[in-house]
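Okay, so here's the structure we're looking at.
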Amino acid sequence: MDTLLYIVLPLTGLILGWIIRWQFARLQLTSVEQRAKRLYHDAIKEADAKKRELLLETKEQLFRERSHFEKETRERRSELQRFERRILQKEENLEKRIGTLEKQERNLHHRERSCIEKEEKIFKDEERCKKELERLSGLSAIEAKRLLIQSLENEAKFDAQVSINRIEQEAILQAEKKARDIIITTIQRMASDICSEMTVATVSLPNDEMKGRIIGREGRNIRTLETLAGVDIIIDDTPEAVVISCFDPIRKEIARLSLERLIADGRIHPARIEEIMQKVTREISQTIYEEGERILFELGIHNITPEGIRTLGRLHFRTSYGQNVLEHSKEVAIIASMIASEV
């Protein structure tokens, strides 16, 4: 009995616990279903509200767009009406102008007929007058015209000769004074530098020992310099100086620059002398071309051949009566243009 009681009581407890749990689970399920139903109804209500709100916004947007479209339509219609009125007004103006032009054309046609009739009448009168003049003068029209032209030519020649004589007399009286004034004015407007004419150039030495190095062993350095440059190098008792003498100013300038560079370099021997001379000769040739181009540019002269430019540039190294020949030539060109402008 006790054993049966120990078995039944736990079994009864398990059954009661299961029943209670089942009831509790059922209550929870019912509560979840109710919450789900409430959420569903709330969602439906919210969706309906959103739908109504969207419908209202759509209707408002459609209303605004319709109003804007109607406004644009009215404005365009009004603009078209104004444009149509302007076109009609222009058409009326054109019709008026066409009428006026037609009227003027008729008047011109009438005047043209009148002018033609008058011209015919004048031509007939002129022919009649010609015949009458030919009868009275005993000359034909061609002969009368020739005599008239000859008379006019004689008068014109006489008047021209009188004018020419008067102008020549006035020119003779004024020419000397005018020429003097032009030359004085031109000289006053033009000023240029002058330089003394020299056939020698002096090169300074750092010390007298350099004279021996320039002469070289048995005079080979100075002979090389004189032979390549075509100049005479004079080494005398003048302290710290040598003199280069030559009647060709370009050779003298090449020799002077070459000697200055050799002194500055310190290496003086025949091979170095020949190298320096070639380099200086190329530089002087370039300088000659650049000087010729400069003068032509300053004078505004173009289309000169390269050989002509070099020939003109060589004058940069020549002097005549105490003045640089190239600058003198430029001065003459400027004075000529000034005299031309004064004349």
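Taken together, the values in this text are just the output of simple stated rules run on the coordinates, not laboratory data. Here the structure is a predicted model, which is why all the values come from computation and not from measurement. Here the Cβ is made from the backbone with ideal geometry for all residues, glycine too, and neighbour counts use every protein chain on show.
Just a few scattered comments:
- Selection from Leu205, Ala49, Ala241, by position along the positive dipole direction of the chain (Cβ): Ala49
- Rg/Rh for the range 197-342, where both radii come from Cα atoms and Rh is the Kirkwood radius: 1.09
- The translational diffusion coefficient of the chain, from Stokes-Einstein at 10 °C and 1.306 mPa s with a Kirkwood hydrodynamic radius over alpha carbon pairs, comes to 43 µm²/s.
- Lysine pair number, Cα distance threshold 25 Å (strictly under), the range 21-76, separation 8 or more or different chains: 7
- Most positive-pole-ward Cα, Ala229, Ile335, Ser78, against dipole of the chain from beta carbon charges: Ser78
- In terms of distances greater than 26 angstrom between alpha carbons, the cross-link table entries Lys211/Lys279; Lys211/Lys252; Lys96/Lys118; Lys279/Lys330 yield Lys96/Lys118; Lys279/Lys330.
- Helical runs (DSSP H, four residues minimum) scored at -39500 (n - 2.57) apiece and divided by the length of the chain put the mean residue ellipticity at 222 nm at -29500 deg cm²/dmol.
- Stretch gain in nm, segment Glu275-Gln104, where the contour uses 0.36 nm per residue and the Cα spacing is subtracted: 52.0 nm
- Between Arg97 and Gln169, full extension at 0.36 nm per residue minus the direct alpha carbon distance yields a gain of 19.4 nm.
- About its Cα centre, the dipole of the chain is roughly 2760 debye, where the only charges are +1 on Lys and Arg Cβ and -1 on Asp and Glu Cβ.
- Put in order of Cβ neighbour count within 10 Å, fewest first, the listed residues His328, His41 become His41, His328.
- Ascending count of other beta-carbon atoms within 10 Å, so fewest first, for Ile244, Ile44: Ile44, Ile244
- Of the three principal axes defined by the Cα atoms of the range 1-138, the extents in descending order read 194, 27, 13 Å.
- Derived scalar couplings ³J(HN,Hα) [the range 248-262; Karplus, 6.51 cos²θ - 1.76 cosθ + 1.60; whole Hz; x for Gly, Pro]: 8, x, 6, 4, 4, 5, 4, 5, 5, 5, 4, 5, 4, 5, 5
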